[in-house]
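The values are calculated or read from the model by the stated rules, or taken from the named source; none is laboratory data. The model shown is predicted, which means the values in this text are computed figures rather than measured ones. Glycine also receives a Cβ, built like all others from the backbone with ideal geometry; neighbour counts cover every protein chain displayed.
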Amino acid sequence: MIALAGIESCKILAEFLANLIPGGVVFGLVDKDEFVWVKASDTFTIDFFTVGNKLSDDTTTMCAIHEKKVITQDIPRTVYGKRVSIISIPVIDDNSEVVGALTIAFPKLHPVAAAFEDFAPILAEMFHEGAFLYMSDLTKIAYRQPSEKFDMPTISVGYELDKTDIAYRVIHSRQPIIEEVDASRYGEPLNIANYPLYDDDNRNIVATLGIVTPKKTAVTLREMSGNLENSLEGIAAAIQQLAASATVIHSNEELLNSDINEIINISEQINEISAFIKEIADETKMLGLNAAIEAARAGDAGRGFGVVAEEIRNLSAQSKSTVPKIKQLTDIIKKKVSEASEKSVRSLDASQGQAAASEEITASIEEITTMSEELSNIAKTL
Amino acid sequence: MSSLELVVFKLGEEEYGIEIGFAQEIIRIPKQITKMPDMPSYIEGVIDLRGRVIPIIDLKIKFGFEQTERSVDSRLLILDLENSLLGIIVNDVSEVIKIKEQAIEIFSAEISGLSGNRIQGIARIDQRLILLLNGLKMKSEVLMK
């Protein structure tokens with residue numbers, strides 16, 4: 001308790017202390033139930049602490065006066081619009097009668113909030129792509145700290161939280177939230193982590209602390225690995241088509257080979273027929289020669305018959321002359337066909353090589369696909 | 001200007017001709033030729049041609065040529081040498097031609113004698129030389145030995 005005689009000294013002391021105490025302070029001197037003197041620091045005031053204001057009996061100060069002892073009390077936000085701690089010291093006269101009180105009010109600040117200005121600028125620069133740190137009280141943004149690489153200009157101090165904001169949801173769910181936000185909301189993909197901060201006795205949430213980090217690299221990586229997977233799928237499909245056409249080529253070549261063999265058979269048959277033609281021609285020739293001999297033996301009477309014999313022999317000679325021509329043609333057919341057959345065997349080999357190569361490529365692609373899936377998984381965890 | 005009709009055939013590479021009057025017919029060489037014992041090597045054997053037995057000779061052996069394989073074109077030329085039938089094996093009967101007598105060069109007795117009078121002359125047609133067989137001489141040589 002303070003003696004009335006010492007009160008002037010206290011007032012002088014308070015004048016000095018007011019702007020020295022971090023966070024600010026308000027001193028008020030109460031005579032009976034009325035503020036008679038008030039000293040506030042530049043950064044912190046309470047409107048109610050005004051000379052002339054009367055105090056009701058339920059205030060800390062009046063309780064201290066009635067109970068004649070020093071009382072310390074935390075006053076919730078609902079009373080003065082901000083959380084404050086109030087200490088009231090009764091003032092007594094020479095007869096030890098309580099005549100008033102000296103009341104000191106401090107802003108009540110969460111330790112994290114108190115330290116925000118110290119740690120946030122450092123922490124913000126410690127992220128690869130930069131970070132944006134903020135603190136909210138229960139309704140609005142109270143502190144913000146952008147980094148050199150990353151800022152969220154729309155989130156200013158005083159910004160009112162709405163129910164889509166993560167801080168709002170943390171306050172109402174009483175759970176920390178770590179969430180990815182896609183580019184539709186803030187123009188680029190973000191990772192937002194928000195934790196609730198409790199008061200001294202860990203009962204009530206009084207604030208939240210949030211860290212926002214851009215996810216550009218991770219998203220780019222994920223997109224790339226997605227693209228990679230798509231391309232690989234395309235390649236795999238193309239290779240399958242390739243393998244399928246190799247199979248078609250293979251069966252075509254086999255058909256071609258059997259066709260070629262058939263052609264060889266047919267040209268053999270043509271040769272047989274042409275041998276038959278030669279035989280007939282030989283027979284006809286002999287017939288013609290015999291007819292000529294017969295005509296000669298018949299003398300003049302056989303003259304007409306001799307002409308016929310001559311015609312027969314001519315006919316036979318003509319027929320016979322076709323035989324080597326046919327043979328020549330069938331020889332050419334056989335030669336061409338065997339060339340074609342050789343080529344088809346070669347392309348059969350090539351198509352088999354192609355099938356083998358495309359199997360190898362498929363195996364490689366599968367490996368790469370597996371790797372890109374892993375890559376994609378890694379990108380998701382970033 | 002009289003002319004001559006010849007049956008032309010081949011023995012090896014050479015062409016021979018015989019007057020058509022000596023020829024009776026041309027047939028394929030029969031599969032069955034009956035061999036006869038104790039005959040000169042140029043006698044192939046005998047065949048039965050429509051009821052008549054005909055001796056077959058290989059003229060190339062008779063003429064002392066190298067024996068060549070018989071081909072599908074080989075034929076049997078049946079000669080009618082004054083009612084004696086004789087078959088000669090030839091490589092190919094190529095044709096029956098009519099030539100003018102002037103085209104035939106008759107060998108002198110000396111040259112003809114060197115060949116045992118088998119060749120009586122040579123017929124020249126374009127670039128071809130056709131040796132002319134003496135039919136009568138053949139008969140005496142082959143059938144009356």
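Identify all residues within the stretch A:40-49 that are under 15 Å from A:GLY23 (Cα atoms) and charged (D, E, K, R); write none if there are none. Outline the logic, then answer.
The first filter runs over the stretch A:40-49 and keeps only residues under 15 Å from A:GLY23 (Cα atoms), leaving A:40-46.
Passing the criteria: only A:ASP42.
Search the stretch B:95-122 for residues being farther than 18 Å from B:LEU59 by Cβ and of a type in the set (Gly, Ala, Ser), and hand back the single one that is nearest to the other protein chains (Cβ to nearest Cβ).
Among them, the one singled out is B:ALA103.
Would you point out which residue out of A:SER338, A:SER344 is under 60 Å from the mean Cα position of the chain (by Cα), surrounded by 15 or more Cβ atoms within 10 Å (Cβ to Cβ) and more than 18 Å from B:VAL93 (Cβ to Cβ)?
Details: A:SER338 fails: surrounded by 15 or more Cβ atoms within 10 Å (Cβ to Cβ).
So the residue among A:SER338, A:SER344 that is under 60 Å from the mean Cα position of the chain (by Cα), surrounded by 15 or more Cβ atoms within 10 Å (Cβ to Cβ) and more than 18 Å from B:VAL93 (Cβ to Cβ) is A:SER344.
Can you tell which of A:LEU190, A:LEU133, A:LEU161, A:LEU123 is of a type in the set (A, V, I, L, M) and surrounded by fewer than 18 Cβ atoms within 10 Å (Cβ to Cβ)? First the steps, then the outcome.
Details: A:LEU190 fails: surrounded by fewer than 18 Cβ atoms within 10 Å (Cβ to Cβ); A:LEU133 fails: surrounded by fewer than 18 Cβ atoms within 10 Å (Cβ to Cβ); A:LEU161 fails: surrounded by fewer than 18 Cβ atoms within 10 Å (Cβ to Cβ).
Matching residue, one of A:LEU190, A:LEU133, A:LEU161, A:LEU123: A:LEU123.
Select from the stretch B:18-58 the residues that are among the polar types (S, T, N, Q) and either within 13 Å of another protein chain (Cβ to nearest Cβ) or assigned to a strand (DSSP E or B) (or both) and list them in ascending order.
At the first step, the residues of the stretch B:18-58 found to be among the polar types (S, T, N, Q) are B:24, B:32, B:34, B:41.
Matches in the stretch B:18-58: B:GLN24, B:THR34.
Please go through the stretch B:57-90 and pick out each residue that is without any contact (Cβ under 8 Å) to a residue 12 or more places away in the chain and under 13 Å from B:GLY45 (Cα atoms). Outline the logic, then answer.
Step one: list which residues in the stretch B:57-90 are without any contact (Cβ under 8 Å) to a residue 12 or more places away in the chain, which gives B:64, B:67, B:69, B:72, B:83.
Residues satisfying the conditions do not exist here.
What number of residues within the stretch A:244-269 are within 26 Å of B:ASP73 (Cα to Cα) and either among the aromatic types (Phe, Trp, Tyr) or surrounded by fewer than 16 Cβ atoms within 10 Å (Cβ to Cβ) (or both)?
Narrowing the stretch A:244-269 to residues within 26 Å of B:ASP73 (Cα to Cα): A:267-269.
Next, from what is left, pick out any that are either among the aromatic types (Phe, Trp, Tyr) or surrounded by fewer than 16 Cβ atoms within 10 Å (Cβ to Cβ) (or both): A:268-269.
Counting residues in the stretch A:244-269 that are within 26 Å of B:ASP73 (Cα to Cα) and either among the aromatic types (Phe, Trp, Tyr) or surrounded by fewer than 16 Cβ atoms within 10 Å (Cβ to Cβ) (or both) gives 2.
Suppose we filter A:ASP151, A:ASP201, A:ASP118 for residues that are in a loop (DSSP other than H, G, I, E, B), among the charged types (D, E, K, R) and over 29 Å from the mean Cα position of the chain (by Cα); which single one remains?
On the way: A:ASP151 fails: over 29 Å from the mean Cα position of the chain (by Cα); A:ASP118 fails: in a loop (DSSP other than H, G, I, E, B).
Only one candidate qualifies: A:ASP201.
Of all residues being over 19 Å from B:GLY21 (Cβ atoms) and more than 9 Å from the chain's Cα centre (by Cα) in the stretch B:76-94, which is nearest to the other protein chains (Cβ to nearest Cβ)? Just the residue, please. Full working, then the answer.
Pass one, the stretch B:76-94, residues over 19 Å from B:GLY21 (Cβ atoms): B:89, B:91-92.
Adding the requirement that they be more than 9 Å from the chain's Cα centre (by Cα) leaves B:91-92.
Numbers: B:ASN91: 13, B:ASP92: 10 Å.
It comes out as B:ASP92.
How many residues, within the stretch B:19-71, are surrounded by fewer than 16 Cβ atoms within 10 Å (Cβ to Cβ), touching a Lys or Arg at 6+ places or on another chain (Cβ under 8 Å) and of a type in the set (Ser, Thr, Tyr)?
Qualifying residue count for the region: 1.
For A:ASN257, are the conditions met, namely being in the same structural domain as A:GLU342 (by TED's automatic domain parsing) and farther than 20 Å from B:GLY17 by Cβ?
Numbers: in the same structural domain as A:GLU342 (by TED's automatic domain parsing): yes; farther than 20 Å from B:GLY17 by Cβ: yes.
Spelling it out, A:ASN257 is indeed in the same structural domain as A:GLU342 (by TED's automatic domain parsing) and farther than 20 Å from B:GLY17 by Cβ.
Could you please give the count of residues in the stretch A:287-306 that are loosely packed, with under 15 Cβ neighbours inside 10 Å and either under 60 Å from the mean Cα position of the chain (by Cα) or away from chain B (no Cβ under 12 Å) (or both)?
3
Please go through the stretch A:275-286 and pick out each residue that is within 11 Å of chain B (Cβ to nearest Cβ), buried (at least 17 other Cβ atoms within 10 Å of the Cβ) and free of Cβ contacts under 8 Å to residues at least 40 places away in the same chain.
A:ASP282, A:LYS285, A:MET286
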